[in-house]
Each structure stands twice: as C-alpha cells, then as structure tokens.
Amino acid sequence: MKILSLDDHPLFSAGLKESLSKFNPDFDIVTTLTTNDALSYLREHNDIDLLILDLSMPDMNGILFIKTLMARGFQIPIVIMSGSEDLLSLQEAFKLGVLGFLPKAWSVERVAKALMDIKAGDMVIPDDIARRLNRMPKYAMANTQTSLSERQLEVLELVRKGLSNHDIASTLYISEATVKSHLQTIFKILDGKNRMDCVRKAVAAGILPSAL
C-alpha cells in the first residue's frame, strides 16, 4: 500500500513513516512537507493508493488543496490526519469526499488499522467527532463560504495587477468598503498572509491563470 503523507512538520512526518513501516512492512510511505512538493510528486507518480493530509498547511490550507487536486483531475483517496478538530473544515472535507479523520494522538496500531479499513472501503471517523458533526446545524456549511465568488476573483485579478483598493472600487463600480469586505473573505479562504500571497496561492491552486 503506497501512501503519500503531506505534513509540514518534518519530525512528525519522519516518525509516521518509520513507525507505520515498522508496524506493517506493506506500508510504503512517501513524505512531503509542502503542497507544491506533493503536487509535483503526484504529477510524476500514479501509483499512490492513499493521501494522508494535514489540514493546517502554511502554504495552502487542506480544504483548498483538496479542491486543487479535484480541479487538476487527481482521483486519490484522502484521509485527514491532524491535531486540530476544526469541525467546519472537517465537515467540508467530508463533503468533498474525504474518507476519514485520524487524530495525531492515536497510537500507531490504531492508525494502521484505520488505514487498512479505509483501503477496504470503510470510512473512519472517531465516535466523538461523528457525534459532534451530527449535532452541527445543517445550515452550518451553507453559511460558511469556502470558495471565491466571481466578484472576488475579479478583485483578486485587479490586486495582481497592482491596483489599490480605491482603483479597484473605481474599476468595478463598487465602494471601497465593499472591496475591503471582499479582500477579507479572500484572505480567509486562501489563508493569505498579504495581498500578493493570496494571488500566489490562487495561482498555485489553479483559481487564477498563471499568466496575465
């Protein structure tokens, strides 16, 4: 079973690879530390049986990375392995087809069994997480924007061209306050550190074309 692990913590990644390989020699673990590294590996190899993904990646959040894989035509079973229990993100991940959530606090034995169960076609969700997800209002995700609107894409394209908020407002015939509101949403969805970081992440995810 060939597994690609994407986690930005080198010590955790190395420990996961070593412990799982020792527990079950049939596990062939490839570790990557950035989403770009993972995408590069997937472009060059088509033999991955499962992707283990940390939701909290510094260069691109896990939900956006899953959407990037889907947009680029990759069809890989995915399981989330994280120390975070962000229920909204987990709900969105399961909506996108993720097959399980494995807490980082789990023992190697429990993780190994879960991976084999997922390979066999089962979903794996800890009971307490499943109960909390089931208690969430049905409208929770409907009221949580997870992708950019057409207007926000227009704003982001103008940001890439170097326009100020005032110039963007004039170009799109909207108020500066509306521009700022769109930018706040863009920053949140793309997990951007600044305006150009949002542009870079949007290009990497295929949301914006790579060339003007």
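The values are calculated or read from the model by the stated rules, or taken from the named source; none is laboratory data. No experiment lies behind these values; they were computed from the predicted model shown. All Cβ positions, glycine included, derive from the backbone under ideal geometry; neighbour counts span all protein chains shown.
Is it the case that Leu158 is over 26 Å from Leu39 (Cβ atoms) and not in a helix (DSSP H, G or I)?
Taking the combined requirement at face value, the residue does not satisfy it.
Condition check: aliphatic (A, V, I, L, M), at pLDDT below 90 and either assigned to a helix (DSSP H, G or I) or under 23 Å from Lys193 (Cβ atoms) (or both). Does Leu88 satisfy that?
Yes: the conditions hold for Leu88.
Let me confirm something: among Glu85, Glu109, Glu92, which residue is surrounded by fewer than 18 Cβ atoms within 10 Å (Cβ to Cβ) and under 16 Å from the mean Cα position of the chain (by Cα)?
Glu85
Restricting the search to the range 129-146, which residues are at pLDDT 70 or above and either touching an Asp or Glu at 6+ places or on another chain (Cβ under 9 Å) or assigned to a loop (DSSP other than H, G, I, E, B) (or both)?
Ile129, Arg132
Of the residues Lys22, Lys17, which single one is basic (Lys, Arg) and in contact with a helix residue (DSSP H, G or I) (Cβ under 9 Å, 6 or more places away or on another chain)? If you could, list the steps in order and put the result at the bottom.
Values: Lys17 fails: in contact with a helix residue (DSSP H, G or I) (Cβ under 9 Å, 6 or more places away or on another chain).
Unique residue meeting the criteria: Lys22.
Take the residues in the range 1-41 that are hydrophobic (A, V, I, L, M, F, W, C) and in a helix (DSSP H, G or I), then tell me which one is farthest from Phe65 (Cα to Cα).
Restricting to residues being hydrophobic (A, V, I, L, M, F, W, C) and in a helix (DSSP H, G or I), the top hit is Phe23.
Taking the range 94-116, which residues are part of a helix (DSSP H, G or I) and modelled with pLDDT of 90 or more?
Once the filter is applied, which keeps residues that are part of a helix (DSSP H, G or I) and modelled with pLDDT of 90 or more, the range 94-116 yields Val108, Glu109, Arg110, Val111, Ala112, Lys113, Ala114, Leu115, Met116.
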